[in-house]
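Participant: Input: one structure, supplied below.
The values are calculated or read from the model by the stated rules, or taken from the named source; none is laboratory data. Keep in mind that this is a model prediction, so the values were computed, not measured. A quick note on method: Cβ atoms are made from the backbone with ideal geometry, for glycine too, and the neighbour counts reach across all protein chains shown.
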Amino acid sequence: MAIKVAARSTADFEGLIRDIDQPDIQVVIYFFSVEFKGYEPQKIIKKAFPSARCIGASMIGGWCTTGAISKGITAMSLSSEEIEEVFVGFREGVKADPGLAARGVIDDLRKSLGGRKLNPEEYLGIILFDGLCLGEEIIREFTIEKNFIVPVIGGSAADELEFKETLVSFDEKMSGDGVIVMILKMKIPFYFNHYVHYLPTKESFIVTKSEPAKRIVWEIDGEPAAPYYARALGLSGVADIKHTHFSRNPLGVVIGDTVYTRSPNAVVDGTGLQFYCFIEAGTRVQLLRQGDIIENARSSLRDAREYIPNLQGALLFNCVLRYLELKELGKIDAFNEAFKPLSFAGFNTYGEELFTHHNQTLTAVFFGR
């Protein structure tokens, strides 16, 4: 028994299932292209592994030991050798009220856990949710829940940059408006972290007016945000801002040596900047510059090995902006290669989760033996 992974670029579910099959499977985690919805992958996988708890999310490109895929499905199975117990909470309604849905999941988990104390060195949370909702509100509920101290790591579901429908699945259910949290009592050591390859510059400023519920920053240092950002990049005006500027020069909240990326994605009404994560007024941010994404991937593995020398596998939750950068640089395969010879699976997300809602980030959990 071990961590087993597989990927397919076609609807070869029979082959995928054969490759991840093993005795006493406890959990199957998988990621799939939105166009696979019609195959009902959640039903196929649950039927193949009826005694396992199965969760999934739609993706824009996936990762696997066997190779990166632009479309298809990638999956991981974990057995009773790795996992002692599994608890799952699932709720819908995240678009209308993400906080309420998250609290419902917490209530469900609290009941199924039976009031037990959770040791964060033994318990791990995996979270997947609709990528078109305000994920910050979901993660906040888990962060402020005093009796829920386990690490919760994951990503928000994606589509092919159409931003129409993103899907999560739990056992035989699939939803375009849901959140799933799986709590695992682990038998093996694990390590988690978030990784950013963008580096701080010396330029910093304060967000002075924002609209967090819409992820819009209206003013920076008391001036309209979009013209301020254009000037910081040395551009003549807002009209010169391109999407490549957003991806190559995001902003970041820098705490010590740790960078939390906040990437703009659009100019709003000529003066505001819309972001992939919200930024509250009063937040100091720094302009970031592009670093080496492949070296960052390699260093993440070195980082994990400092804590768990005998690594076995990993789950990767990689931002869609990082994925687009890898495509532009022609380094998709190099990124995937960085995590070999681990048994790993993962997907490109519309937001990454670990204690907060990230973007332009890789969040990852590494498993030992």
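Participant: For residues that are in contact with a helix residue (DSSP H, G or I) (Cβ under 8 Å, 6 or more places away or on another chain) and farther than 20 Å from residue 165 by Cα, scanning just the stretch 67-87, find the one that is surrounded by the fewest Cβ atoms within 10 Å (Cβ to Cβ).
Facilitator: Among them, the one singled out is 67.
Participant: Give just the number: which of (1) small (Gly, Ala, Ser); (2) farther than 30 Å from residue 327 by Cα; (3) at pLDDT 95 or above does residue 154 not satisfy?
Facilitator: That leaves (2) as the condition not met.
Participant: If you scan the stretch 90-145, which residues turn out to be in a helix (DSSP H, G or I) and among the hydroxyl-bearing types (Ser, Thr, Tyr)?
Facilitator: 112, 143, listed by residue number.
Participant: Tell me whether the stretch 151-160 contains one or more residues that are among the hydroxyl-bearing types (Ser, Thr, Tyr), in the same structural domain as residue 116 (by TED's automatic domain parsing), within 26 Å of residue 279 (Cα to Cα) and assigned to a loop (DSSP other than H, G, I, E, B).
Facilitator: The answer is no, given that none of the residues of the stretch 151-160 is among the hydroxyl-bearing types (Ser, Thr, Tyr), in the same structural domain as residue 116 (by TED's automatic domain parsing), within 26 Å of residue 279 (Cα to Cα) and assigned to a loop (DSSP other than H, G, I, E, B).
Participant: Further question on the same structure: Sort out which residues of the stretch 121-171 are polar (S, T, N, Q) and crowded, with 18+ Cβ neighbours inside 10 Å, and write them in order of number.
Facilitator: Scanning the stretch 121-171 gives 156, 166, 169.
Participant: Here's a follow-up. For the stretch 38-97, what are the residues that are of a type in the set (D, E, K, R) and out of contact with any Cys (no Cβ under 6 Å at 6 or more places or on another chain)?
Facilitator: 40, 43, 47, 53, 71, 81, 82, 84, 85, 91, 92, 97
Participant: Now for a separate question. Does the stretch 111-120 contain any residue that is among the polar types (S, T, N, Q), surrounded by fewer than 18 Cβ atoms within 10 Å (Cβ to Cβ) and touching a strand residue (DSSP E or B) at 6+ places or on another chain (Cβ under 7 Å)?
Facilitator: Yes, that holds for at least one residue.
Participant: Among the residues of the stretch 285-336, write down those that are among the hydroxyl-bearing types (Ser, Thr, Tyr) and closer than 28 Å to residue 202 by Cα.
Facilitator: Answer for the stretch 285-336, where residues must be among the hydroxyl-bearing types (Ser, Thr, Tyr) and closer than 28 Å to residue 202 by Cα: 299, 300, 323.
Participant: Can you tell me which of 29, 45 is crowded, with 20+ Cβ neighbours inside 10 Å, part of a helix (DSSP H, G or I) and either on the phi < 0 side of the Ramachandran plot or assigned by TED's automatic domain parsing to the domain that holds residue 346 (or both)?
Facilitator: Criteria check complete, one pass: 45.
Participant: Based on what the data block shows, is residue 225 exposed (fewer than 14 other Cβ atoms within 10 Å of the Cβ) and not assigned by TED's automatic domain parsing to the domain that holds residue 300?
Facilitator: It is false that residue 225 is exposed (fewer than 14 other Cβ atoms within 10 Å of the Cβ) and not assigned by TED's automatic domain parsing to the domain that holds residue 300.
Participant: Within the set of pairs 6+ apart or on separate chains, which have a first residue in the stretch 133-145 that is touching a residue at least 24 places away in the same chain (Cβ under 8 Å), a second that is among the aromatic types (Phe, Trp, Tyr), and C-beta atoms under 8 Å apart?
Facilitator: Within 8 Å, the pairs are 134/278; 135/129; 136/278; 138/129; 139/355; 142/148; 143/355.
Participant: If you don't mind, another one. Within the stretch 102-123, track down each residue that is free of Cβ contacts under 8 Å to residues at least 12 places away in the same chain and either within 12 Å of residue 85 (Cβ to Cβ) or not assigned by TED's automatic domain parsing to the domain that holds residue 84 (or both).
Facilitator: Of everything in the stretch 102-123, those that are free of Cβ contacts under 8 Å to residues at least 12 places away in the same chain and either within 12 Å of residue 85 (Cβ to Cβ) or not assigned by TED's automatic domain parsing to the domain that holds residue 84 (or both) turn out to be 114, 116.
Participant: What number goes with the only condition from (1) assigned by TED's automatic domain parsing to the domain that holds residue 259; (2) buried (at least 17 other Cβ atoms within 10 Å of the Cβ) that residue 204 does not pass?
Facilitator: (2)
Participant: Looking at (1) touching a Gly at 6+ places or on another chain (Cβ under 7 Å); (2) under 18 Å from residue 319 (Cβ atoms); (3) in a strand (DSSP E or B); (4) of a type in the set (A, V, I, L, M, F, W, C), which one does residue 183 not meet, given that it meets all the others?
Facilitator: Every condition holds for residue 183 apart from (2).
Participant: If we keep just the residues of the stretch 12-26 that are assigned to a loop (DSSP other than H, G, I, E, B) and farther than 21 Å from residue 88 by Cα, which is farthest from the chain's Cα centre (by Cα)?
Facilitator: Ranking the candidates gives 23 first.
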